[in-house]
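Okay, structure first, notes after.
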Amino acid sequence: MCGIVGYVGKLKAAPLILEGLKRLEYRGYDSAGVMVCQDGKFVLVKKAGRVANLEKEAAKVRLTGHFGMGHTRWATHGGVTDANAHPHISSDGQIALIHNGVIENYISMKKFLLTKGYQFVSETDTEVLGNLLAYHYAKEPANAEESRFVSAVRKTLLHVEGTYGIVVMALDAPGELVTARKGSPLILGIGDGESLVASDVSAIVSRTQSVVYLNDGEIAHLTPSSFSITTLAAGEVSPVIDKVTWSITDAELNGYTHFMEKEIFEQPAALENAMRGRFSEDGSTANFGGLNITPAEFRNMDRFMFCACGTALHACMVTEHLIERFARVPVECDYASEFRYRNMPLFSNTLFFVMSQSGETIDTLAAMREAKRKGYKVLAINNVVGSTIAREADGGIYQHVGPEVGVASTKAFTSQLLIGGLLSLYIARMRDMSFSDGVQFVQALKGAPDHVRTVLMQAEHIKGIAKRYAKYRDMLFLGRLSLFPIALEGALKLKEISYIHAEGYPAAEMKHGPIALISEECPAVFFVSSGEMFHKVINSMQEIKARGGRIIAIATESCQLPDGLADEVIIIPECHEAVLPIVATIPVQLLSYYIAVELKRDVDKPRNLAKSVTVE
Ligand code: F6R
């Protein structure tokens, strides 16, 4: 979604802002802008399209100011045009604004401002907010206790309904930025003689690792040498400075062509990081530091509820399977976007979990807030440290896989699966699972990174398959039990980065409709594992074959597939039920990636998609 960068300091602002905007490109956007304050003027360049476009335009203009801001816009109100891109300057020329989020009452504000003579050149809600700020700023008396600028922002925001992360500059206060949030993340960067603000740490981590996470309802005032935070109600806030634990090289390609490729190949190390320190000393169960609920409280839970969106929901579905299978406790999963509105009846002893790589997905955040309003404790499984979900949850488990830049989630997903496995072990050991079964489970989880390495070694083989299958326009992904969510994930990966239509189904469900799609033109990817479902999955494959469909089988090594049944076979290691979904994911990630590369798609920035969906 939209990205924000602001800078006040000793260096030229524009190159730093453009660099920050490039680091935010992965979040998804359709236009970009940069503005500095210099020689008593706002100098603004904004363009529809990529940051590279903006950079070319910016090179034609003299941008020397040391104070400025930039934005990547993902259109909500108004089309993708230069005029609708941010920053927006108020019609009296005094205020400049960038904004993430949606101002719901902008129409009534606009009517009011038109009666006061303000003019509009864009179709955006942001420009309305900018003019309202200018209106309040013009009326603001000099106040000894607080800056006029902060006071005007506060008064304006009291009239706003909706969500925002904003950065504001005033022409007569050039070395100052005022920034505020409600529902849209903002992080302050505290540097040496410089201050920054961004919607995502990755935009500022090259300048400083000292950050302050702004909370909803807070307003920050930044100058090159100071920062202060107050609430919307003018209360003082004592800020906590956090240290970012990763550096900018973690968010660079380091020799790979795409971030998605890098993140696929990083998975063995990512899994090791996600499991480090997470086993009990006796080696028979899992160990979590930040649950903030006692083992006794945990033991008392009769049910678990999981909410998430997209890929993270698929990880929840695997977790549901594992907890029910090993701990025999009922689990429910729901789309966060549905849960937040459907007023679902919940049992009293239910522990609520949300899963979110970014920790900023608005639907997941809203589902969490709804569960908390109903009096449930909510734990978050989350990757981005300091994210809104992490901070508002009662406790949780960090994924610790470092920044995930590719829009298509890969290493975050497999680490969520691993944490799901750890969680099911933890809950199972509190119930019927024996010590020795626990030890075996732990050993199996520890073996996951090596199994993933083994599958990654087949990358060239999978690339060959991808070249042969990139021509198809439809594909089915079919699996059973814990591999059904992996079928959903395979279909999602393929469609989001290659734009090939794909669907995931439980293999046996195929007969109830999707089989009508089967022809030579619609191949099917089957997940086949040894064990109770083996023959049933083979039957489903036969049904496809009988109708002329081509088959790619992702099969564990001991599966004896009937001769000629599969057109392509990818062998994966035989492994524990909690590890199998992780290992089975790797071939579909690689297949989708290589198909997208073959089709020359923009793998890391697929059309219409955003890394973290912060608007409803
Ligand atoms: C797909 C993908 C999305 C996200 C979803 C939730 O590859 O990445 O489906 O999984 O938008 O995002 P988080 O996990 O950040 O809440």
**Study point:** Percentage relative contact order, the stretch 3-247, counting C-alpha pairs under 8 Å, at least six apart
**Key:** 20 percent
Review point. Could you name the lysines in cross-link range of Lys545, using Cα to Cα under 19 Å and dropping any fewer than eight places away on the same chain?
Key: Lys511, Lys536
Check your understanding: So which GluC sites (Glu not before Pro) in the stretch 537-588 end up in coil per DSSP with only 11 or fewer other C-beta atoms within 10 Å?
Key -> Glu557
Check your understanding: Cross-link list Lys47/Lys111; Lys22/Lys467; Lys262/Lys411: which exceed 20 angstrom alpha carbon to alpha carbon?
Key -> Lys47/Lys111; Lys22/Lys467
Review point. Rounded to the nearest 500, what is the chain's calculated 222 nm mean residue ellipticity when only DSSP H runs of at least 4 contribute -39500 (n - 2.57) each, over all residues?
Key: -10500 deg cm²/dmol
Check your understanding: Given a cut-off of under 8 Å on Cα pairs at least six residues apart, what relative contact order in percent is computed for the chain?
Key -> 12 percent
**Study point:** Set of aspartates and glutamates with alpha-carbon distance to Lys611 below 12 Å, sequence-local pairs under 8 removed
**Key:** Glu25, Asp200, Glu360, Glu404, Glu496
Review point. Any idea what the dipole of the stretch 487-616 comes to, in debye rounded to 20, about its Cα centre with Lys/Arg Cβ at +1 and Asp/Glu Cβ at -1?
Key: 380 debye
Study note, to complete from the structure: Measuring from its Cα centre, the chain shows a charge dipole (+1 at each Lys and Arg Cβ, -1 at each Asp and Glu Cβ) which, in debye to the nearest 20, is 860 debye
**Study point:** the stretch 257-334 and the stretch 167-230: distance between their alpha carbon centers, rounded to Å
**Key:** 34 Å
Check your understanding: Taking +1 at the Cβ of each Lys and Arg and -1 at the Cβ of each Asp and Glu, which of Gly504, Ala470, Gln38 sits farthest along the dipole of the chain towards its positive end, judged by Cα position relative to the Cα centre?
Key -> Gln38
Exercise for review: Please report, to two decimal places, log10 I(q)/I(0) for the stretch 3-247 at q = 0.17 Å⁻¹ as given by the Debye formula with identical point scatterers on the Cα atoms and no solvent.
Suggested key: -1.29
Exercise for review: Could you grab the Rg to Rh ratio for the chain? Cα atoms only, Kirkwood for Rh.
Suggested key: 1.01
Point to revise | Accessible-area ranking of Arg547, Arg50, Arg340, largest first, probe 1.4 Å | key: Arg547, Arg50, Arg340
Check your understanding: Short version: ³J(HN,Hα) in whole Hz for each residue of the stretch 385-391, in order, from phi by Karplus 6.51 cos²θ - 1.76 cosθ + 1.60 (θ = phi - 60°), x for Gly and Pro, what are they?
Key -> 5, x, 5, 4, 4, 4, 6
Check your understanding: Normalised by the residues of the stretch 224-340, what does the relative contact order come to in percent, with Cα pairs under 8 Å and at least six apart?
Key -> 15 percent
Study note, to complete from the structure: At the level of C-alpha centres, the distance separating the stretch 80-137 and the stretch 524-601, in angstrom, is 54 Å
Review point. From largest to smallest, what semi-axes in whole angstrom does the stretch 457-605 give when each is the square root of 5 times an eigenvalue of its alpha carbon gyration tensor?
Key: 21, 18, 14
Revision key, fill the gap. Under the 7 Å Cα-to-Cβ spin-label approximation, Glu460 and Gln440 lie apart by a distance in nanometres of 3.8 nm
Check your understanding: Ranked from the most accessible area to the least, with a 1.4 Å probe and all protein chains present, what is the order of Phe484, Phe527?
Key -> Phe484, Phe527
Review point. Tell me, in nm to one decimal, what length is gained between Val240 and Arg473 on full extension, where the rule is 0.36 nm per residue of separation less the Cα-Cα distance?
Key: 78.7 nm
Point to revise | Sites Ser519 and Gln119 - FRET efficiency at Förster radius 60 Å, r taken between beta-carbons, to 0.05 | key: 0.55
Study note, to complete from the structure: quick note, the chain, DSSP beta bridge pairs, % antiparallel (nearest 5) is 60 percent
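The values are calculated or read from the model by the stated rules, or taken from the named source; none is laboratory data. Note that the structure is predicted; figures quoted are calculated from it, not measured. Glycine also receives a Cβ, built like all others from the backbone with ideal geometry; neighbour counts cover every protein chain displayed. The accessibility values were calculated without ligands, DNA or RNA, using every heavy atom of the protein model including side chains. Shrake-Rupley method; radii C 1.70, N 1.55, O 1.52, S 1.80 Å.
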